[in-house]
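S.K.: Here's a structure for you.
The values are calculated or read from the model by the stated rules, or taken from the named source; none is laboratory data. Note that the structure is a prediction, hence the values are computed from the model and not measured. Note: ideal-geometry Cβ built from the backbone for every residue, glycine included; neighbour counts use all protein chains shown.
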Amino acid sequence: MLNFTIRRTLISIPTLLFISLIIFLLLNLAPNDPMAQVPLTVPPEVKEKMREALGLGQPLYIQFFKWLIQFFWIEPQVFFDHLFGTTFSEGDLRIISWQTRSPVMDIIVQRMPQTLWVVGMSYIVGILIALPIGIYSAYRHYSVFDQAGTFVTMIGYSIPPFFTGPLVIVIFAVQLGWLPSTYDTLHVVIDWDTFVIQFKQMILPVMVLAMQTTAQISRYMRASMLDNLNQDYVRTARAKGLSEWTVVMMHVLRNSMIPVVTVIALNLPAIFGGAIITEQIFKVNGIGGQLIGAIYSNDLPTVQTITFMFAFLIVFFNLIADLLYGLLDPRIRYD
Amino acid sequence: MTETNKSHTLHSKPRSKWRDVWYQFRKHKGALIGSIVFFTIVISVMFGPLVWPFEANEINIRARNQGPSWLHPFGTDQLGRDTFARMIAGGQTSIAVGLAAMTLSLLLGSFIGVMAGYYRRLDGLLMRFTDLFLSLPLLPLLLVMMLLFREPLSQAYGPERGMFVLIVFAIGVTSWMPTARIVRGDVMALKEREFILAAQSIGTTDAKIITRHIMPNVLSPILVSATLGIANAIITESALSFLGLGFPPDFPTWGRLLNDAVDYLQLYPERVMWPGLAISLTVLSINYLGDGLRDALDPRIRGR
């Protein structure tokens, strides 16, 4: 297992390098000019100097190499310094946003909590709803509950978040006026009343994101339960005289959770992608909002960094899912 | 000879595969309703402009911001344009993008899948490639592609056509991976079967084996992923338009209309409903269609 873990981790390094190369080439070979916003009155030789200051005069492979060093060597050092008060990164050039002229990572660190809070909460809520639905649908296969569950998950698949978002805003914020339509990032929880406000403003974005999660996870849970319910060991457990609860929840559920857990790990990065749209609808001031803002204002370093962070999340959770599969199921041995 | 043939099939008429598929498909009520809804939507957006009296971009500032009426069943927008006409025009774009992107992604996916499944020496390389694509962050990358290539393509082909080419290409190259994986698996299983061996033994070339023997047999998974591909492409296109990185503002698509309607959410909340419902209904019907098609094309389920 350890051997496999090391091998699998090493494989993801070239994958990440290749993805970073794709993102880098896409951004740098594209026919657009970062100097396009500079007024025409600026003389060409000054423009050329500005271009060099942005590091654009050098050949592509040097730019790529320098970006890699910035991302994998300098930024972790900055993080380390921040944690322990050391000065490893002093004087090093960090990845600078063209938009704000400040380090990209600093802005990401500011924006990250909002995204994590909303996305993480929606994922947990989604899973908590999905698992019981999946279990019961499989246990009462072809019952009314199962049919209704299938229909609801089909709807959850088909209705995109950019429709459910405005829809719940119309219903709960405009018509009923129960909940706020936007997410106020500056809101600080200090006592019970502010907690209630925070809770209320989280309901809508979490609900919209959780609906997608619920639809997917409950399908997997149901399919996995159905696979297991007809196995011989279930009949044995029933024949032993175990209660129905013990059979389903202890024996079947534990075995059915193995593929579901890996799916949960695999889908997490996709949820971050989906959060881009949800953040836009509810005006959540998170990573997705930052990405969209950077795209609108042609801020390539920020776009590059955030896109690569999403790629990193995907590769990382793929790795986690693979390892979990081996850990949870003793029959699967990679060595 | 004809006489003996007839006596063999005395009890039942000769049955073709597609007739069986149709019989099985009809049994799936959801799929039947889904296909009726989908084809109704397609036909109405295709022929709607011929029947409907208003143009999508016809501005009538006196009739702006109207609610639903007999003249304008879906109301009018802030410039007095008929929402129903805009919905039809938007549907044409959305469905055309969906079909074109699906075709591109199917061609790519089937080609890579067949190559990886049939030629063992290509398998490792192509599947690595597929895995790499699967670990790309698709939505951010699509947004970046829109950002970077919008201007040059608009200049080269005109704003609408350039955007169409770009969106179809972007969705196509980022959505072929599931098809490739499914097709590869099926081709690998088929390759070991006797009829392929027989074809090889009489000296059939690889190209002919693939087109005559492999492709017809992997048609059903390709058809199923085609339906899912349309749904996926429509949703992606709408998401891009919704984020303001799709077609130009005066060119209606369902996502664009939804984006415009969100600005007037407080005043005219009903405007969000039409494009949102259209997208959801189309995608839902396609998903049911695909579900039924999968059951109907599976010979193990069919006939039961």
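S.K.: Can you run down the residue pairs with Cβ atoms below 6 Å, 6 or more apart or on separate chains, where the first is in the range B:135-157 and at the interface with another protein chain (Cβ under 9 Å from one of its Cβ atoms) and the partner is among the aromatic types (Phe, Trp, Tyr) and in a helix (DSSP H, G or I)?
M.R.: Short answer, once both residue conditions are applied: B:Pro137/A:Phe310; B:Pro140/A:Phe310.
S.K.: Filter the range B:215-245 for residues that are crowded, with 24+ Cβ neighbours inside 10 Å and in contact with a Lys or Arg (Cβ under 6 Å, 6 or more places away or on another chain) and give the result.
M.R.: The one that is crowded, with 24+ Cβ neighbours inside 10 Å and in contact with a Lys or Arg (Cβ under 6 Å, 6 or more places away or on another chain): B:Ser241.
S.K.: Shifting gears a bit: Out of the residues in the range B:268-302 meeting the condition of being free of Cβ contacts under 8 Å to residues at least 12 places away in the same chain and within 11 Å of chain A (Cβ to nearest Cβ), tell me which one is farthest from A:Ile155 (Cα to Cα).
M.R.: Here the answer is B:Pro269.
S.K.: Wholly within the range A:249-335, which helices (runs of 4 or more DSSP H) include no fewer than the required count, namely at least 2 residues that are more than 14 Å from chain B (Cβ to nearest Cβ)?
M.R.: Ranges flagged: A:253-282, A:300-328.
S.K.: Give me the pairs: first residue in the range B:235-261 and at the interface with chain A (Cβ under 9 Å from one of its Cβ atoms) and within 23 Å of B:Glu55 (Cα to Cα), second residue crowded, with 22+ Cβ neighbours inside 10 Å and among the acidic types (Asp, Glu), beta-carbon distance under 7 Å, and six or more apart or on different chains, which are they?
M.R.: Short answer, once both residue conditions are applied: B:Gly255/B:Glu237.
S.K.: Kindly indicate whether any position in the range A:161-173 is of a type in the set (Val, Ile, Thr), within 14 Å of chain B (Cβ to nearest Cβ) and over 24 Å from the mean Cα position of the chain (by Cα).
M.R.: Looking through the range A:161-173, at least one residue is of a type in the set (Val, Ile, Thr), within 14 Å of chain B (Cβ to nearest Cβ) and over 24 Å from the mean Cα position of the chain (by Cα).
S.K.: Kindly list, by first and then second residue, each pair from a residue in the range A:165-186 that is without any contact (Cβ under 8 Å) to a residue 12 or more places away in the chain to a residue that is loosely packed, with under 15 Cβ neighbours inside 10 Å, limited to pairs with Cβ atoms under 7 Å and residues at least 6 apart or on different chains.
M.R.: Taking only residues 6 or more apart or on different chains, the pairs are A:Val174/B:Gln266.
S.K.: Kindly provide the set of residues from the range A:19-41 that are at pLDDT 80 or above and exposed (fewer than 14 other Cβ atoms within 10 Å of the Cβ), ordered by number.
M.R.: Selection gives A:Leu21, A:Leu25.
S.K.: Failed condition for A:Val247, given (1) crowded, with 16+ Cβ neighbours inside 10 Å; (2) farther than 27 Å from A:Asp322 by Cα; (3) in contact with a Pro (Cβ under 7 Å, 6 or more places away or on another chain), with all others met?
M.R.: Going through (1) crowded, with 16+ Cβ neighbours inside 10 Å; (2) farther than 27 Å from A:Asp322 by Cα; (3) in contact with a Pro (Cβ under 7 Å, 6 or more places away or on another chain) one by one, A:Val247 breaks only (3).
S.K.: Could you figure out which of (1) surrounded by 19 or more Cβ atoms within 10 Å (Cβ to Cβ); (2) out of contact with any helix residue (DSSP H, G or I) (no Cβ under 7 Å at 6 or more places or on another chain) isn't true of A:Ser122?
M.R.: The failed condition is (2).
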